[in-house]
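Encoded as structure tokens, the structure appears first; notes follow it.
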Amino acid sequence: MRALVFKDGLREVDMPIPEITMGQALVRVTLAGICNTDIEVTRGYFAYTGIMGHEFVGVVEDADDPDLIGKRVVGEINVSCGECPTCRGGNPRHCEHVKAMGINGWPGCFADYVVLPECNLHVVPDSVSDHQAVFVEPLAAGVEVMEQVHIRPSDEVVVIGDGKLGLLTAQAIHACGNRVTVLGKHVEKLQIARDLGMDVSLVADFVDTVDVVVDCTGNPSGMETAMAMVRPKGTIVLKSTFKQGAPLNLTPIVRNEVTCVGSRCGPFPPALRLLETGAIVTEPLIEAIYPAHQMEAAFERACTRGSLKVLIDFTCSQGSGEVGAGKMERLHF
Ligand SMILES: [Zn+2]
Ligand SMILES: [Zn+2]
């Protein structure tokens, strides 16, 4: 199978199709998405070598559970032991021995096939297309904000960051009826949020304060920006991960009695439901779709500043990649 491997740089390699053991499923990947975390991994965010990637949709080719075979699925990225006190306490995502697909100790999905425990898989409803389903993992991360923080209907919310995660997280909160303002640095990307009915502003132009600030900048400066915008007794939710931190004076957090919440992966079922109901729009977030034999080029494209979601299509062996509607670029090979 084809795979994009990170080891002293990124390389497309040919390797054997993996084998499954008890309780696992072999999934034939149809579409995969490149995430900022993948880029951070190649910059040393985690000491990881192996197949990259953690956002995918695919079809189960082999599994212990015969009912799963042939099903179109998405997969949660965290592989837990199921036995440690944290797992037994109901927090498998924070398992003491946790592995994360394409990030930490578990082969990723930028390959024709990926193996995951069956319990990580969620069947995709027929009405949700591959182009939507490939966004379930990052959308679930957006939904996690509501899982962790009680955002009252009257709360005003700011999402800092007009990138992939910011636009998904903002949509998830907006779908709950809140007034959401998306702050960013790119007029074209802010326009996507505006078209979906949200307020938008350039970061530098925003002088208001709000109840809840969600940092999706992917940047150490996001926390400082968030501190300047949160009301006393308000909440800051941090969703950015990066290798290099920055010094920060946390006094405003103390003075204003601000609650800070770290937020990472989220629940897949509500994310799938939001896609099924059409409450979340994904097409405008697709920057480009590359065929699988152009994975290195796809990654390079995803690394360009301000890039939205770059997808890898594994269904085309050679030739032109499948494309959908929206503002995405059509790529022909
Ligand atoms: Zn991701
Ligand atoms: Zn565990």
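Each reported figure results from applying straightforward, stated rules to the coordinates on display, with no laboratory input. It should be emphasised that the depicted structure is a prediction, and the values quoted were computed from it without experimental measurement. Neighbour counts are summed over all protein chains in view; Cβ atoms, including those assigned to glycine, are modelled from backbone coordinates with ideal geometry.
Some observations on this one:
- Square roots of five times the Cα gyration tensor eigenvalues for the chain, Å: 32, 22, 19
- Given R0 = 35 Å, the distance between the Cβ atoms of residue 256 and residue 195 translates into a calculated FRET efficiency of 0.55.
- For region 236-270, backbone nitrogen atoms closer than 19 Å to the point 7 Å from residue 208 Cα along Cα-to-C-beta are found at 236-237.
- Nearest-0.05 FRET efficiency for residue 126 and residue 283, computed from C-beta distance (R0 22 Å): 0.75
- Cβ charges +1 (Lys, Arg) and -1 (Asp, Glu), total dipole of the chain, debye: 840 debye
- By the rule of a C-alpha distance below 20 Å, with chain neighbours fewer than 8 residues away ignored, the aspartates and glutamates paired with residue 99 are 19, 38, 40, 55, 76, 83, 118, 137, 144.
- Label-point separation in nm, residue 61 to residue 219, each point 7 Å along Cα→Cβ: 4.1 nm
- Ranking of 211, 64 by count of other Cβ atoms within 10 Å, fewest first: 64, 211
- With 24 Å as the limit on Cα-Cα distance, the pairs of 185/309; 71/239; 7/185 that go past it are 71/239; 7/185.
- When the trypsin sites (Lys or Arg not before Pro) in region 171-279 are filtered for DSSP coil states and for at most 10 other beta-carbon atoms within 10 Å of their beta-carbon, no site remains.
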